[in-house]
Amino acid sequence: MATALKTVQSSEAEEIAELVALSRAAQEQIAHYSQAQVDALIRAMVWAVAKPGVAEMIAQQTVDETQLGNYDGKYLKIFRKTRATLMDIIDDKSVGVIEEDPVRNIVKIAKPVGVIGALSPSTNPEATPVIKAISAVKGRNSIIVAPHPRAKLTNKLICDLMRAAIVKMGAPADIVLSIDIPSVEKTNELMRQCDRVLATGGSAMVTAAYSSGTPALGVGVGNAVITVDETADLDDAAEKIRLSKTLDLAASCSSDNAVILVDAIYDEMLAKLVGKGGLVLDDDQKAKLQGAIWVDGHINAKVVAQTPKFIGDYAGFAVPEGTQFFIVHETGAGPDHPFSGEKMTVTMAVYRAKDLDHAIDLTNRIQAYQGQGHSCGIYSRSDANIMKLAEATRTSRVMVNQPQSASNSGNLWNGMRQTFSLGCGSWGGNGTNNNITWRDLINETWVSKPLAVAKTLPSDEVLFGDVIAKLG
């Protein structure tokens, strides 16, 4: 038995080694491409998958294969998100000298990393391979995409379309490769053999990426917490929360998982959420829903990114026509309060806060359980309240008056970098807080020349000031 297992592992290691060799050979052919050549490539890659007719086909294929989310959400991602990402990076200089600092007399030169090993989740398999691929190629890298098994056909379709476009542009197809028959062992092997890992997926895979021995960019757990204060435009907030909560049936880890309403507007805002299709569950329904979402402490894949009716039928309670999402009352945070955690369904926990200070405390307690470092949001017309929440929460992104799941990874209405890979900093066990993009997938050579006038150390009196008097 042990010998057979070792043989299988050896075979998979050899398979990945062959892919990496192909990828590396292709990358070497574009390593010295000009900016114009690189940008033409990534335009072609996006057009190949996002042009009218093809985008619709990919959206339907994704829903049919994964049985997660809905057509409208998938279509928005492949048609619009890929375009927006391309637009976001197309004018960036990623070849040659990319930055000059005349004050420090430093010039920065971009160099490719090599082979990027990219993980693609089942929840966003339509746009993730495209966005990661153009970010890799923008830095003159090649990429190998390891899909979730639930989305392997979608991934192959998308990668094949990009490969065909790359060849038509005169470049080697193998700058984009996919693992067509994926497995955990192959993904782990890819992470060991590539030059940099770009990991988007479950916590187990991200942990494996960090443990692979290869430099890795990972993401943290999502569990967005949204505060609505007494200054907010409540109608606007209710509609944007609905949009965010229901986008692609909450497949995104950025979906509004907890909404905190301050006391002054609690009843009015809750009524507006109900008016937008929210169904407030009673204690019995809440208990049934809890049993449906979590099995042995883990989220039940059967209900992830499904319709309210499907989930209600599965859980055993009636769901009225027109219901778009569930609302469960919650007060605590932690494992004894599972609804305070990520739910991956059209379910939001609603909390009542005395005031903004209480809302901040709740946000930090909720995200200390799950989601710390990822994202939170606030609906408010008070800059003082917005900044107070931003300064007091352990989060990488605070989205203001915007639908969270459509905004924190970048959108046309904000200046956030377009991506599906959201670093969560040390709070989330990640090496970066960035919206990860091409700049994270290059090496930089710093050229340092002597200053025209050398720096001089100031006197002790200037440098240490009153510290001298206090310490002697």
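Coordinate-derived values only; no laboratory data. As the structure is a prediction and not an experimental result, all values here were calculated from the model. When we count neighbours, we look across all protein chains shown, and the Cβ atoms used for this are built from the backbone with ideal geometry, even at glycine.
Quick one: 3J(HN,Hα) in Hz for region 152-161, Karplus 6.51/-1.76/1.60 with θ = phi - 60°, rounded, Gly and Pro as x.
Going residue by residue, I get 5, 6, 4, 4, 5, 4, 5, 5, 5, 5 Hz, with x marking Gly and Pro.
When all alpha-carbon pairs of region 224-416 are counted, what percent fall beyond 26 Å?
24
At 7 Å along the Cα-to-beta-carbon direction for both Ser183 and Val295, put a label point, then send me their distance in nm to one decimal.
In this crude spin-label approximation the distance works out to 2.4 nm.
Can you give me the relative contact order of the chain as a percent, contacts being Cα pairs under 8 Å and 6 or more apart?
It rounds to 17 percent for the chain.
Looking only at Cα atoms, what is the convex hull volume of the chain per residue, in Å³?
It comes to 197 Å³ per residue, whole-number rounded.
So what is the calculated 222 nm ellipticity per residue for the chain, using -39500 (n - 2.57) for each DSSP H run with n of 4 or more, over all residues, to the nearest 500 deg cm²/dmol?
Dividing the helical sum by the residues of the chain leaves -12500 deg cm²/dmol.
Taking the Cα-to-Cβ direction at Lys309 and at Lys470 and moving 7 Å from each Cα, how far apart do the two end points lie in nm?
With each label point 7 Å from Cα toward Cβ, the separation is 6.8 nm.
So, R0 is 60 Å and r is the distance between the beta-carbons of Glu100 and Asp284; what FRET efficiency does that work out to, to 0.05?
The calculated FRET efficiency here is 0.40.
PRE reach from Leu153 (point 7 Å along Cα→Cβ): which of region 37-58 fall under 19 Å by backbone N?
Answer for region 37-58: 54-58.
Using modelled backbone amide H atoms (1.01 Å from N, in-plane), which distant-in-sequence or interchain residues come within less than 5 Å of Ala216's amide H?
Residues meeting the amide H criterion: Val197.
Mind ordering 107-116, 461-470, 180-189 by average Cβ neighbours within 10 Å, highest first?
Result, highest mean Cβ count within 10 Å first: 107-116, 180-189, 461-470.
Report the calculated FRET efficiency for Ala318 and Glu28 (r = Cβ-Cβ distance, R0 = 60 Å), to the nearest 0.05.
Approximately 0.45, to the nearest 0.05.
For Lys286, which aspartates and glutamates qualify as cross-link partners when the Cα separation must be under 12 Å and same-chain residues fewer than eight apart are set aside?
Glu330
Set the bar at 23 Å for Cα to Cα. Now go through Lys240/Lys343; Lys138/Lys449; Lys272/Lys388 and name every pair that lies beyond it.
Lys138/Lys449; Lys272/Lys388
Arrange Met399, Met45, Met416 by Cβ neighbour counts within 10 Å, fewest through most, would you?
Met416, Met399, Met45
Amide H to amide H under 5 Å from Leu279: which residues, 5+ apart in sequence or cross-chain, H placed 1.01 Å off N in plane?
Placed amide hydrogens put Gln324, Phe325, Phe326, Ile327 under 5 Å from Leu279.
Provide the per-residue ³J(HN,Hα) series for region 197-212, in order, calculated from phi with Karplus coefficients 6.51, -1.76, 1.60 and θ = phi - 60°, each as a whole number of Hz, with x at glycine and proline positions.
Values per residue, Gly and Pro as x: 9, 10, 9, 10, x, x, 4, 5, 5, 5, 4, 4, 4, 5, 9, 6 Hz.
Whole-Hz ³J(HN,Hα) for each residue in region 298-313, computed from phi via Karplus 6.51 cos²θ - 1.76 cosθ + 1.60 with θ = phi - 60°, x for glycine and proline: what do you get?
Each residue of region 298-313 in turn: 10, 5, 7, 4, 5, 10, 4, 6, 10, 6, x, 5, 4, 5, x, 4 Hz.
Under a 5 Å amide H to amide H cut-off, with H placed in plane at 1.01 Å, what residues pair with Val259 once short-range neighbours are removed?
For Val259, the qualifying residues are Ile226, Ala349, Val350, Tyr351.
Spin-label point model (7 Å from Cα, Cβ direction): what's the Val167 to Trp47 distance in nm?
About 1.8 nm, to one decimal.
Test of understanding: extend the Cα→C-beta vector of Ala264 to 7 Å, then name every residue of region 381-400 with backbone N under 17 Å from that spot.
381-389
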